[in-house]
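Worksheet: the structure to be examined is printed underneath.
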Amino acid sequence: MRTTSLNFRIVVAFSGLLALVLLLAFTVVNVTNLRISRAEAAQDLQTGERVFRRLLEQRGEQLTIGAQVLAKDFGLRDAIAADDADTLLSALENHGSRIHADLVMLSNLDNIVKADTVCPERAGKPYPFADLLKQASQRGGASGIERIDGKLYQLVAVPVRSPIIIAWVTMGFEINDRTARDLQAVSGLQVSFLGHNGKDWRIQASTLPDIQRLQLAGFLDLGQASGSLSLAGTEYETRLVKLGESPEGPIYVLLAGSLAEVMQPFQQLQRTLIALAIGALLVCLVVGIRIARRITGPLRELAEVAGRIKQGQYQQDIDTRDHSEIGQLADSLSHMQVAIAEREARISTLAYQDPLTLLPNRVRFGQLLEEAIARAKEEGGTLTLLLLDLDRFQQINDTLGHPAGDRLLAKVGERLTESVRSEDVVARLSGDEFAILLPGITIGTAMHSIERVRRSLERRMELDGRQLDVRAGIGAAGFPEHGDNGIDLIRCADMAMYRAKSSGQRHMLYDASIQRFREEHLSLLGELQQAVEHSELTLYYQPKVRLEDGLADEAEALVRWIHPQRGFVPPNEFIPFAEQTGYIKEVTRWVLAHAIRQAGRWAKDGRPVKVSVNLSAQDLLDPGLPATVANLLDLASLAPEWLCLEITESGLMEDPASALDTLKKLRAMGLSLAIDDYGTGYSSLAYIRRLPVNELKIDRAFVLELTQNEGDAQIVRSTIELGHRLGLKVVAEGVEDLATVEVLQAMGCDRIQGYVFGKPMAAEAFERWREQREATAVK
Ligand code: C2E
Ligand code: CA
Ligand code: CA
């Protein structure tokens, strides 16, 4: 049991309290006992003293009778008369021995000792106990305790009459240890006879053992000879009684009753009390420990439960049957673990789920992918990873608003989920980027899955009653061919997707050439800069022929890059790249400068051509563009009506407000503005009407199958009609055959640009083509 534990504290508190109470009771009982014992001892002493005095008196009477018998003895009287010392002494000795007297003395009326059994030489000397004799002569006899030659005697003195007093007989018992013992036997007290010579105490006789006697002597010297005394560990209650006055000083007796004897019954009681106390303490300890366990046991269990909750175990069975506070605590804990589990689940959902589509997010997908790879490694299996990026999603967002964009993403998520098997994982990685994990599918057989995914997306999709054409670029990478970890696989699939999108394909499987392509791209920027500086670029011109009369006075300038090593690089391969890197502005400047110079030359030669130049989104965001164009027109002395700028809908969407601003300025300068690739975006004609444009170029996607596809025909027809109604010139792009030309003519299309009339060609080639055409037309 630790000293800090509740268990320990409860036990200590219980037992400590009991011990304290017991100690108090014990002390009170003890003090009372001691007081009672002392009172009792004092009482005993009083009784003892009475008995003691009575005993002394009895001995005195015995002595008196002995002395009187001696006094009446005729032989003695004769010896006194004869003054025969020897006879006297033998008479005294005889009588003395009869009653076992220790001292017998005869003295004459002149107080001269005539005979002494103890000290015969005292004969003829003065009588030593003058006071005793004075009392005796007054009362006819006396008794007392006297000291002589260091010894203590109980003495009586009686007169010898014949018939008048002729002498005095003094008879005495010596008071020694034996006397004390005799007295003790009757009185039950320790008896010590003490002499005091005015200065020192002297223990004449005593029943005390030697060691106690020695200590008593010490106490006497200190003047502490009465009351309570402790002699060699024995407690005494004492009483000092003066017995008499001798020539050598007063004589006392010290009566001592042992406290231990009085306390004997109390000590028994004390022992019983101690036994009881120990018993009570033991019981208290046992009970205390049990109670403490009853309290701390459940508490400790709950603490362990809490510890496990801390480690993330939320499914513990917690016993809540107890109705005490501990039960309440258990109940709270039980609720707490449920609440924590719920909250944790919610947090991990938030952390791992995309709230819009409810699909796993990038983090979760990464985990699932790694798990799937680990499983495939273990089982020797395969998997394919698809990455999808929606086309023109930014544009949809900008045109229809973000809420619509969100709904579209949710729909795409649903479509993708429907198109795959239950064991496949669909996730939204970011914005318009989705990923699909196909376990067990090899990259070689992935085409089937890709097709299904693509078809599910391209199926009719309606959003707010509007028909949407949803497409995505798809890149695929496979394990184990393209990488043995998630990061590598995602990177490969991403490259494949990027390549698919930039090359206008719907999907692409990763292969090493893609990696090469990617690497080539990195060096492309430097090379593109060189191309602009070293005139590796050139402009081709494609005629925009007027249907009404076949006039070819307009052309679109299309950039060409003749790379010294690579050869011809198609614009589709470097224009998107230049747009991504921001280098497009330099390219556009170059194109504008050359196209305007060329147009200027043609105008000077008297054969003016209206040249169209393509602008990218970033060009429209350049506030310096109108000034640049004005400058170039100036330099080439070209009237602004001979320049047309083509912009795509998506180009307008990046920053519609400032793009519109730039367009207005350009239009105000007298330039023509055309909407390029019309139909691929989502702008309504109502929106186009608000723009300062005067030409619509229908995208070649609608033109390509115009003669076979009634839907396309309808779109083109209504576009031409509406365009005209808005006062716009309508141009059809990508026309490759005369049948289409006829259809377009019937629809009222204004101009046609396409291989059917002429491919893009160098300036001189264009001139020759034009001459040739005019010559034919004249015919
Ligand atoms: P775009 O502006 O739509 O240009 C028309 C494209 O359609 C040209 O491809 C042209 O060769 C092609 N085309 C014309 N008639 C037909 C036809 O009958 N059938 C087919 N299949 N295609 C036809 P090109 O020259 O490869 O240009 C591709 C794209 O590159 C252009 O599409 C344009 O977006 C961009 N581009 C070309 N030059 C420039 C430029 O100087 N600046 C900018 N910003 N972009 C340019
Ligand atoms: Ca164009
Ligand atoms: Ca176009």
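Residue-wise test of (1) of a type in the set (Val, Ile, Thr); (2) part of a helix (DSSP H, G or I); (3) free of Cβ contacts under 8 Å to residues at least 12 places away in the same chain.
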{"residue": "VAL426", "(1), (2), (3)": "yes, no, no"}
{"residue": "ALA435", "(1), (2), (3)": "no, no, no"}
{"residue": "ILE441", "(1), (2), (3)": "yes, no, no"}
{"residue": "SER449", "(1), (2), (3)": "no, yes, no"}
{"residue": "LEU457", "(1), (2), (3)": "no, yes, no"}
{"residue": "GLY478", "(1), (2), (3)": "no, no, no"}
{"residue": "HIS482", "(1), (2), (3)": "no, no, no"}
{"residue": "ASP488", "(1), (2), (3)": "no, yes, yes"}
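Of the residues LEU592, LEU558, only one is within 16 Å of ligand 3 (Cβ to nearest atom) and modelled with pLDDT of 95 or more; which? Walk me through how you get there before you give the answer.
Working: LEU592 fails: within 16 Å of ligand 3 (Cβ to nearest atom).
Among LEU592, LEU558, only LEU558 is within 16 Å of ligand 3 (Cβ to nearest atom) and modelled with pLDDT of 95 or more.
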Fill in: Any hit, region 390-402, residues being modelled with pLDDT under 95, within 15 Å of ALA493 (Cβ to Cβ) and among the hydroxyl-bearing types (Ser, Thr, Tyr)
no
Discussion item. Under 7 Å between Cβ atoms, which residue pairs at least 6 apart in sequence (or on different chains) link something in region 291-313 that is touching a residue at least 12 places away in the same chain (Cβ under 8 Å) with a partner that is outside any helix (DSSP H, G or I) and surrounded by 14 or more Cβ atoms within 10 Å (Cβ to Cβ)?
Written reply: VAL305/ILE318
Worksheet, complete the sentence: Reported set for region 648-679 where residues are buried (at least 19 other Cβ atoms within 10 Å of the Cβ), modelled with pLDDT under 85 and either closer than 16 Å to ARG725 by Cα or not small (Gly, Ala, Ser) (or both) is GLU649, LEU652, MET653
Discussion item. When you check THR707 against the structure, is it of a type in the set (S, T, N, Q), more than 16 Å from ligand 2 (Cβ to nearest atom) and crowded, with 17+ Cβ neighbours inside 10 Å, yes or no?
Written reply: no
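Could you tell me which residue of region 693-737 is farthest from ligand 1 (Cβ to nearest atom), considering only residues that are assigned to a helix (DSSP H, G or I) and basic (Lys, Arg)?
Residues of region 693-737 assigned to a helix (DSSP H, G or I): 700-703, 710-725.
From what's left, basic (Lys, Arg): 700, 717, 725.
Working: ARG700: 6, ARG717: 20, ARG725: 24 Å.
Among those residues, the one meeting the criterion is ARG725.
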Discussion item. I need the full set of residues from region 214-242 which are among the hydrophobic types (A, V, I, L, M, F, W, C), modelled with pLDDT under 85 and closer than 30 Å to GLN135 by Cβ, in order please.
Written reply: LEU220, ALA225
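Tally time: how many residues in region 588-599 are out of contact with any strand residue (DSSP E or B) (no Cβ under 7 Å at 6 or more places or on another chain), of a type outside the set (Ser, Thr, Tyr) and within 15 Å of LEU645 (Cβ to Cβ)? Even if it seems obvious, please write down each step before you answer.
Residues of region 588-599 out of contact with any strand residue (DSSP E or B) (no Cβ under 7 Å at 6 or more places or on another chain): 588-589, 593, 597.
Retained after the next criterion (residues that are of a type outside the set (Ser, Thr, Tyr)): 589, 593, 597.
Subsequent filtering for residues that are within 15 Å of LEU645 (Cβ to Cβ) retains 589, 593.
Residues in region 588-599 being out of contact with any strand residue (DSSP E or B) (no Cβ under 7 Å at 6 or more places or on another chain), of a type outside the set (Ser, Thr, Tyr) and within 15 Å of LEU645 (Cβ to Cβ): 2 in total.
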Practice prompt. Give region 24-74 a look and list any residue that's surrounded by 17 or more Cβ atoms within 10 Å (Cβ to Cβ), touching a Leu at 6+ places or on another chain (Cβ under 8 Å) and farther than 30 Å from HIS95 by Cα, or say none.
Written response: ASN33, SER37, ARG38, ALA41, ASP44, LEU45, GLY48
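Residue check: is LEU738 over 27 Å from VAL559 (Cβ atoms) and either of a type in the set (Lys, Arg) or in contact with a Ser or Thr (Cβ under 7 Å, 6 or more places away or on another chain) (or both)? Please lay out each step first, then the result.
Details: over 27 Å from VAL559 (Cβ atoms): yes; either of a type in the set (Lys, Arg) or in contact with a Ser or Thr (Cβ under 7 Å, 6 or more places away or on another chain) (or both): no.
No.
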Discussion item. Among the numbered criteria (1) within 16 Å of ligand 2 (Cβ to nearest atom); (2) part of a helix (DSSP H, G or I); (3) in contact (Cβ under 8 Å) with a residue 40 or more places away in the chain, which one does GLY651 miss?
Written reply: (3)
Worksheet item: Can you pull out the residues in region 554-596 that are more than 16 Å from ligand 2 (Cβ to nearest atom), surrounded by 16 or more Cβ atoms within 10 Å (Cβ to Cβ) and more than 15 Å from LEU537 (Cα to Cα)?
Response: PHE577, ILE596
Item to complete: Take region 667-687 and flag every residue that is free of Cβ contacts under 8 Å to residues at least 60 places away in the same chain and either within 16 Å of ligand 2 (Cβ to nearest atom) or within 12 Å of ALA617 (Cα to Cα) (or both).
Response: LEU671, LEU673, ILE675, ASP677, TYR678, GLY679
Discussion item. Being modelled with pLDDT of 85 or more, aliphatic (A, V, I, L, M) and more than 51 Å from the chain's Cα centre (by Cα): is that true of ALA280 here?
Written reply: no
Practice prompt. Hey, can you tell me all the residues within region 738-775 that are among the small types (Gly, Ala, Ser) and either under 28 Å from TRP561 (Cβ atoms) or assigned to a loop (DSSP other than H, G, I, E, B) (or both)?
Written response: GLY748, GLY754, GLY758, ALA762, ALA763, ALA765
Worksheet entry | Filtered residue count, region 670-692, keeping only those that are away from ligand 3 (no atom under 16 Å from the Cβ), among the small types (Gly, Ala, Ser) and not in a loop (DSSP other than H, G, I, E, B) | 1
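Looking at region 727-759, which of the residues that are aliphatic (A, V, I, L, M) and within 16 Å of ligand 3 (Cβ to nearest atom) is surrounded by the fewest Cβ atoms within 10 Å (Cβ to Cβ)?
First, the residues of region 727-759 that are aliphatic (A, V, I, L, M): 728, 730-732, 735, 738-739, 741, 743-744, 746-747, 752, 756.
Narrowing further to those that are within 16 Å of ligand 3 (Cβ to nearest atom): 728, 730-732, 735, 744, 752, 756.
Values: LEU728: 23, VAL730: 23, VAL731: 30, ALA732: 31, VAL735: 25, LEU744: 27, ILE752: 23, VAL756: 16.
This residue is VAL756.
One line per residue, one yes/no per condition, for (1) more than 14 Å from ligand 1 (Cβ to nearest atom); (2) farther than 27 Å from ARG392 by Cα; (3) β-branched (Val, Ile, Thr):
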residue: ARG546; (1), (2), (3): yes, yes, no
residue: ALA555; (1), (2), (3): no, yes, no
residue: THR588; (1), (2), (3): no, no, yes
residue: VAL591; (1), (2), (3): no, no, yes
residue: GLY600; (1), (2), (3): yes, yes, no
Worksheet item: Mind checking which residues of region 605-618 are under 19 Å from ALA557 (Cβ atoms) and either more than 16 Å from ligand 3 (Cβ to nearest atom) or touching a His at 6+ places or on another chain (Cβ under 6 Å) (or both)?
Response: ASP605, ARG607, PRO608, VAL609, LYS610, GLN618
Fill in: Single residue of region 221-242 satisfying the filter (among the hydrophobic types (A, V, I, L, M, F, W, C) and in contact with a helix residue (DSSP H, G or I) (Cβ under 8 Å, 6 or more places away or on another chain)) that is nearest to GLY144 (Cα to Cα)
VAL241
Worksheet item: Does LEU547 satisfy the criteria of being of a type outside the set (Asp, Glu), touching a residue at least 24 places away in the same chain (Cβ under 8 Å) and farther than 26 Å from GLN753 by Cβ?
Response: no
Practice prompt. Quick one: in region 634-643, of everything that is under 10 Å from LEU671 (Cβ atoms) and surrounded by 22 or more Cβ atoms within 10 Å (Cβ to Cβ), which residue is farthest from ligand 3 (Cβ to nearest atom)?
Written response: TRP642
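Look at SER230 and say whether it is in contact (Cβ under 8 Å) with a residue 24 or more places away in the chain and in a strand (DSSP E or B).
On the way: in contact (Cβ under 8 Å) with a residue 24 or more places away in the chain: no; in a strand (DSSP E or B): yes.
No.
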Worksheet item: Out of all the residues in region 136-153, is one or more of a type in the set (Val, Ile, Thr), closer than 25 Å to LEU208 by Cβ and assigned to a helix (DSSP H, G or I)?
Response: no
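Please give the helices (runs of 4 or more DSSP H) falling wholly within region 550-621 in which 3 or more residues are within 19 Å of ALA531 (Cα to Cα) and either free of Cβ contacts under 8 Å to residues at least 60 places away in the same chain or not aromatic (Phe, Trp, Tyr) (or both).
In region 550-621, the matching helices (runs of 4 or more DSSP H) lie at 571-581, 584-604.
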Worksheet item: Just for region 732-764: of the residues that are under 19 Å from GLY711 (Cα atoms) and β-branched (Val, Ile, Thr), which one is nearest to ligand 2 (Cβ to nearest atom)?
Response: VAL735
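The values are calculated or read from the model by the stated rules, or taken from the named source; none is laboratory data. In this text, all values refer to a predicted model and were calculated from it rather than measured experimentally. So basically every Cβ, Gly included, is an ideal-geometry build from the backbone, and we count neighbours across all protein chains shown.
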